[in-house]
Amino acid sequence: MDLEMPTMTGIEATRRLKALAPGLKVVVLTVFEEPAAILEAVCAGADGYLVKKARARELLDGIQAVADGGSPLTSNVARKVLELLRALGPPIAGGQAVGRLDLTTREQDVLRELVNGLSYKQVADQLGISLGTVRSHITAIYRKLQVHNVAEAVSRALRQRLV
């Protein structure tokens, strides 16, 4: 989904498509890297946000990640999301960590790398584990954090200081 289209914005198209078919996967592929555009797309239901200037391999990995149930963000977008989250202020519960929610050490490692803006493939390379293992850990992380995508997991990790 591009954000700038002739008849309606990609944000509105995403919102309408998700309302009609909630299980539909939508990946934003755009030139826009402004925090407002990123936030609006994610809130409209985008499952991933990739920028057109990304390397071909990163785009392919991002599309595959969405197909596998993930929510990829290109590195620059992840950085901007982190900046947005930091600007929101201190985490819940008076600034105290709310607990690790039974995340294993390896799940915390994977979550930390997602917070750092790495793709699933990059997490696998960084931690010396297979892509399938990363996906298994991410499934467990989503379940334990009660989230549905990377943006939500990263947001919760930062707000609750889980990593």
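Any chance the stretch 21-40 includes a residue that's under 13 Å from Lys80 (Cβ atoms) and among the small types (Gly, Ala, Ser)?
Yes, because at least one residue in the stretch 21-40 is under 13 Å from Lys80 (Cβ atoms) and among the small types (Gly, Ala, Ser).
Looking for something surrounded by fewer than 14 Cβ atoms within 10 Å (Cβ to Cβ) and in contact with a Leu (Cβ under 7 Å, 6 or more places away or on another chain) - is there at least one such residue anywhere in the stretch 41-52?
Yes, the stretch 41-52 contains a residue that is surrounded by fewer than 14 Cβ atoms within 10 Å (Cβ to Cβ) and in contact with a Leu (Cβ under 7 Å, 6 or more places away or on another chain).
Of all the helices (runs of 4 or more DSSP H) wholly in the stretch 1-79, which have at least 2 residues that are more than 28 Å from Ala140 (Cβ to Cβ)? Full working, then the answer.
On the way: elements: 10-20, 35-44, 56-67.
Because the criterion is at least 2 residues that are more than 28 Å from Ala140 (Cβ to Cβ), the helices (runs of 4 or more DSSP H) in the stretch 1-79 that meet it are 10-20, 35-44.
Would you mind finding the one in Arg15, Arg57 that is under 25 Å from Leu118 (Cβ atoms), of a type outside the set (A, V, I, L, M) and touching a helix residue (DSSP H, G or I) at 6+ places or on another chain (Cβ under 9 Å)?
Going through Arg15, Arg57 in turn, just one is under 25 Å from Leu118 (Cβ atoms), of a type outside the set (A, V, I, L, M) and touching a helix residue (DSSP H, G or I) at 6+ places or on another chain (Cβ under 9 Å): Arg57.
Check the stretch 58-73 and report whether any residue there is touching a Pro at 6+ places or on another chain (Cβ under 8 Å), over 29 Å from Gly23 (Cβ atoms) and at pLDDT 60 or above.
No - not one qualifying residue is present in the stretch 58-73.
How many of the residues making up the stretch 79-117 are among the aliphatic types (A, V, I, L, M) and either at pLDDT below 85 or in contact with an Asp or Glu (Cβ under 9 Å, 6 or more places away or on another chain) (or both)? Give the steps one after another, and end with the answer.
Of the residues in the stretch 79-117, the ones among the aliphatic types (A, V, I, L, M) are 81-82, 84-85, 87-88, 92-93, 97-98, 101, 103, 110-111, 114-115.
Filter again for either at pLDDT below 85 or in contact with an Asp or Glu (Cβ under 9 Å, 6 or more places away or on another chain) (or both), leaving 81-82, 84-85, 87-88, 92-93, 97-98, 101.
Looking only at that region, the number is 11.
The values are calculated or read from the model by the stated rules, or taken from the named source; none is laboratory data. These numbers were taken from a predicted model, which means no experiment stands behind them. Positions of Cβ are generated from backbone atoms using ideal geometry, with glycine treated the same way; all protein chains shown enter the neighbour counts.
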